[in-house]
Amino acid sequence: MATINTTINYYLDAARGGGDTVFRPGTVYDKLRKHDIQAVEVRDIRGQESQYDLDTCGFQLVQHRSIENDFVEEETIKGDVYAETAELLKTVTGATKVLPFSHIIRRQAYSEALKEAKSKQSLDDIVRSISVAMFAHVDQSYDGAYQVLRDNVSPASDADRLSKCRFGIINVWRPIRIPVPREPLGVCDARSVPDEDLVEVFAKLPEKGTGTFENVSKGNGFGLWNVKYNPSHKWYYASGMRPEEVLMIKCFDSKKDGRARRSPHGAFRLDGQDERAPARESIEVRCLVFWEDQGSE
């Protein structure tokens, strides 16, 4: 199995100048906050894709060609793309109900976002460049997942009913137009990450109409996991991912029977990456996934 020697940005504790448990996604502060930068090996799963699945390690590479190529029209994304993503997840996971609730499209390089952030005056200014997320994280904490369920399912009686069956949150991530040229997405085997390595932080959302990123909650914010470094973590990626492939990433699973409940993930730099290469373009569709024939835990 080929490996890449690189670094991952981890959660920085308070003793070393970090320790923040609240931040505003998409702001100058978000882009410039300090991380614990650790050297890691990232293994390429090419040729061994079948060994990695959602319930075993928290991620899975699947062949799937979208009906959309450029992902420009919001109406098409929230209509046809959401619908095809829901059907794909049902097929792969056996879920009885899938509700895509948000998406984000990234078209700028990480360096562009950093440059813009450094040009701003206030830490709360919005950074318009939507680039890769260059730090280890899980999009929702365990409590945050229930918040997302409550915020995106109505009426409240339906949310209450669905919270009593097994449910999860799965991101469906794919490149746009061309194979990934730089800053690929790394995923961490859930089995190598104990809960003790997860730090819950609260993402405060911007006032309505002021942000350029897709909110994952309709409330004031949501809980997510940042990740503390542990040398036991096992990182993977799929080299040269193409638009006709998707990487499914489990962010939450209510089941506590030993299956993977969450997979930390984040972008990383390729060894010898050419900064002149085109920016990585990608879309991820975030989905609530329900198994109504199974108990919650």
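The values are calculated or read from the model by the stated rules, or taken from the named source; none is laboratory data. Note that the structure is a prediction, hence the values are computed from the model and not measured. Because the Cβ atoms are built from the backbone with ideal geometry, glycine has one as well, and the counts that use them run over all protein chains shown.
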Exercise. So which of Ser232, Ser254 ends up being over 21 Å from Glu183 (Cβ atoms), surrounded by fewer than 14 Cβ atoms within 10 Å (Cβ to Cβ), modelled with pLDDT of 95 or more and not acidic (Asp, Glu)?
Worked result: Ser232
Problem set entry | Set Asp195, Asp139, Asp160: member being out of contact with any Ser or Thr (no Cβ under 9 Å at 6 or more places or on another chain) and closer than 30 Å to Asp271 by Cβ | Asp139
For this session: Would you be able to say whether some residue in segment 53-74 is part of a helix (DSSP H, G or I) and of a type in the set (Ser, Thr, Tyr)?
Result: no
Problem set entry | Elements of type strands (runs of 3 or more DSSP E) in segment 102-209, at least 2 residues being without any contact (Cβ under 8 Å) to a residue 12 or more places away in the chain | none
Problem set entry | Qualifying positions in segment 1-27 - of a type in the set (A, V, I, L, M), over 20 Å from the mean Cα position of the chain (by Cα) and surrounded by 12 or more Cβ atoms within 10 Å (Cβ to Cβ) | Ile4
Exercise. Glu297: under 14 Å from Gly168 (Cβ atoms), outside any strand (DSSP E or B), at pLDDT below 95 and out of contact with any Phe, Trp or Tyr (no Cβ under 7 Å at 6 or more places or on another chain), yes or no?
Worked result: yes
Exercise. What number of residues within segment 47-106 satisfy the criterion of being closer than 24 Å to Asp257 by Cα and surrounded by fewer than 14 Cβ atoms within 10 Å (Cβ to Cβ)?
Worked result: 4
Exercise. Is it true that Phe290 is touching a Leu at 6+ places or on another chain (Cβ under 8 Å), in a strand (DSSP E or B) and at pLDDT 95 or above?
Worked result: yes
For this session: State whether the residues of segment 271-280 include one that is over 22 Å from Ile130 (Cβ atoms) and assigned to a loop (DSSP other than H, G, I, E, B).
Result: yes
